[in-house]
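A short worksheet on the structure shown next.
None of the figures in this text is laboratory data; all of them are computed from the coordinates on show. All of these numbers come straight from a predicted model, not from anything done at the bench. Cβ: placed from backbone, ideal geometry, glycine included. Neighbour counts: every protein chain shown.
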Amino acid sequence: MVATLLSLKLRLTLADLKRSTARLVVWIIMGLYALSLVVMGVIGLAAASMAVPGHEAQAAAITVVAGAVLVIGWALLPLVFFGSDQTLDPARFTQFSLGGSQLAPGLVLAGVVGLPGLFTAILALASALPWLGDPIAVVFGLVGGVLGWATTQVGCRVLSAGLSGILSSRKAKDMSGLIGLILVLLLSTVGYGFSVVMAIFSSGQQSLSAVWATLTSAADVLSWTPLGAPWAIVGDAGRGQWLMLACHVVLSFVYLGVGLWLYARVLDKALVTPPVAAGSATVTKGDLIARVAGWSWTQGAMAPVAAIMARCLKYWRRDPRYLGTIPAVVFMPLLFTAMSRVMTMPGLSQNEPVPAFVGVGMTASGLALMAVMCGFSLSADLAYDASAWWLHLAAGVRGWQDRAGRVFALCVWAVPLIVVVGIAVPVVVGASARIPATLGAMLSLYGAGVAVSSVFSALIIYPVPLPGESPMKMKTGMMGTQMLSQFGTMIGGVVLGLPVCLWAIVAHGVQGWMVLVVGAVWGCALAVAGVVIGGRVVDSRGVTILASLMKNDTRERG
Amino acid sequence: MTTDSSLSRGASGAEAMNTTAETGSAGAGVSPQTASPVTPTSFSPIPPTAPTPVGSVPPVMPVTSPMVAVRGLTKYFGSMCAVAQLNLDIPRGSMYGFVGPNGAGKTTTLSMVTGLLKPDAGQVWVSDLDVWAEPRLVKAKIGTLPDRLRLFDRLSGQELLTYTGLLRGMDRATIAQRSKDLLDALGLADDARKTVADYSAGMTKKIGLACAVLHAPDLLVLDEPFEAIDPVSARSIAEILGGFVSDGGTVILSSHVMDTVQRLCDHVAIIAHGQLLAAGRVDEVAAGVDLETRFIQMVGGGQVHEELTWLRPSSV
């Protein structure tokens, strides 16, 4: 069964890659990038072997803590990237009369067929390398590495299988995606907060040994938990603590066994309760589309625009894939402002205080980034429609109508947000006089982002989560193409909005108000140009666009 | 040719010029034969005289040109030929069944007729308009229900109808009236406010059908309209389609249920491996036997293989 599942996973992965050369290329590039990181990690670990003699306790502590972080990372993976790798989704085995205990080991081991699992395995084994000077420790290190890797996989599997049982209804899935996203943002702030604490900690002239003391006591605790037990083995061997070593080996096996047993139980349950699609049906209050189309400006050629705008507004409100982009956008200026505040805090650094203009620049670039990002959030709009877009093509909707409807819907929340943030942040940092110039620069950047997205989204349809899927679900080739397209949009947007931004930097007094007016007009002009050009692209590539949308769609179903 | 139709043709020809001028690239790739609305005499791109389709019968309505004319239609997916050199005439006012085994190229052909898929070769005329030269004019005449494509399913049934109508350029009063009629007729009135994502497969099919007929098109192209539909709804859909045809509308529907086709359709085309095996009036294609027997004769297969003799309950 283990061999069958491993070869199944391999075949599915290869078949998936064979489907598109572009994706294969992106996959190879990402793979090489990850591989280079892993190779660097391995070299680093090997090099560490020279520093280990005399510092065995520290090396052991670092191994345990780093290993525990790895296990936590894998356990959080399903929560954050919910359903990230469903190649071997247990739900697909419901038709076979298989027990959970038959499937569990194979499904866990199948993790090695796949880049993240494979690279984790390499790193786990490499955790033995710092002890190169002690062959016996290396052997135990390899054992610990295998156990540690298995722990990461079992932890990940147990959580994801458990969650997929709880989160089967569509509404719950919508929620989990959003919660996951907010969690990611929170975690990244926590990471940042941690570094700030560390900075304060070290600036308080605390000795390095205090840090080591914290680390070793943390490792001591962790080594008795499932998170750290397998990673403690190599350190025990290196220091000749054979009793501890025996304890940790036994504990690792016990934890793994319990994990596997738990996973088998979860599987047993999942295998006899196929996912139920429906919770309670969502009932709408009125006909939003008709209401928006009832506005006086929505006559004639504007009627399809209004309809598309209303539909997009509904999706912005209802669809977690759309909703998910909003916290990220709002978060950007908050993070940058907070960072600049902390950086310029007096007495934080032992050296000269960071000059004020660095903080101002940081805040400003946070705002600029937010404005472009707002525009960029259009770039997946068409791809999110998936094959449902056939309706636009079949109804003979003109390209500019398609583009304009989406832009209007975005503006409904993005423009007020930009105005509020563009006023609030300068007030908070004590630069109220700069409000008009800031707003002008942001509006021009937003218009530029909208323009570039309107054109690019019709040219590049990158794979996105399908309707009803978690916004955090990653698609093969999504990272690469999305990053490329995001990069292109950012560059394009910044270049187009740059003239107004440069002026905004030097503008003072009345000139600030001129920047506001010019920025708003320039942003509008860019957006209109983007709608027109993007519309032409949609008109001429309509059938090709539908074909690529269908390709993304059927990949998952077929 | 009646005065009426030539008048409407003149008008559509003029519109065609506007459209081509406006959309620019949309008209690119038009063959010289069809891209000649400049000379007033050649407004209507009349399809070339048809090479007699395989297994064909004489045209049923010789007075008017066919509603749909397909010539040399070919589509490859990679190296796989999905549709090969297909020629087909669909008479005006017919209920045309399109049957074939799984993977025969039914959906591919219908997508090319409705302008959702670009053929590699060949041409399609709908009401004498080249689908790929005047896409918008053609699409206004067609109502389509594609198979296996999504709907905007976070909208409610009512909203989806409104959305479709507005995209089609209909006015709101008409949309409201017609969508109410359709929701009642298809038994969806109670679920009109539920999101389409929460609909069952049959309900989704029905709301898709309602969207297809909303703008009162001349031609309905329905891919598997009876799949997952319960008998009661199937009856009411059949009645709606029958009424549409008797009022002069044309329906193409694909199915692999021969009974349905034999009962509902007056014409049928049998397609397998992307090639037309037979086309014509149902009774003529059936040739004395029932359609299903004829279909299996033409497509081949149907005998139970010796090797499956083990297929019996193993507990007996």
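Odds and ends about this structure:
- Phi angles of the range A:222-236 translate, via the Karplus equation with coefficients 6.51, -1.76, 1.60 and θ = phi - 60°, into HN-Hα couplings of 4, 5, 9, 9, x, 5, x, 3, x, 7, 7, 4, 4, x, 4 Hz per residue; Gly and Pro are given as x.
- Here the residues B:Thr195, B:Thr74, A:Thr21, ranked from fewest to most Cβ neighbours within 10 Å of their Cβ, fall in the order A:Thr21, B:Thr74, B:Thr195.
- Cα gyration tensor shape of the range A:296-557, rounded if a/c is under 1.5, else prolate or oblate by comparing a/b with b/c: prolate
- When each of B:Lys141/B:Lys194; B:Lys106/B:Lys180; B:Lys118/B:Lys180; A:Lys314/B:Lys118; A:Lys551/B:Lys206; A:Lys269/A:Lys314 is checked by Cα-Cα distance, pairs over 27 Å: B:Lys141/B:Lys194; B:Lys106/B:Lys180; B:Lys118/B:Lys180; A:Lys314/B:Lys118; A:Lys269/A:Lys314
- The range B:61-166 shape via C-alpha gyration tensor axes, a/c threshold 1.5: oblate
- Using only the C-alpha atoms, the convex hull of the range B:150-215 corresponds to 71 Å³ per residue.
- Distance between the pseudo-spin-label points of A:Ala47 and B:Tyr76 (7 Å out from Cα toward the beta carbon): 5.3 nm.
- FRET efficiency, A:Leu24 to A:Ile122 (Cβ-Cβ, R0 25 Å, nearest 0.05): 0.70
- Counting beta carbons within 10 Å around each of A:Met490, B:Met80 and listing the fewest first gives the order B:Met80, A:Met490.
- Nitroxide proxy distance, nm - points 7 Å out along Cα→Cβ at B:Ile296 and B:Asp230: 3.1
- Ranked by how many other Cβ atoms sit within 10 Å of their own Cβ, fewest first, the residues B:Glu224, A:Glu56 fall in the order A:Glu56, B:Glu224.
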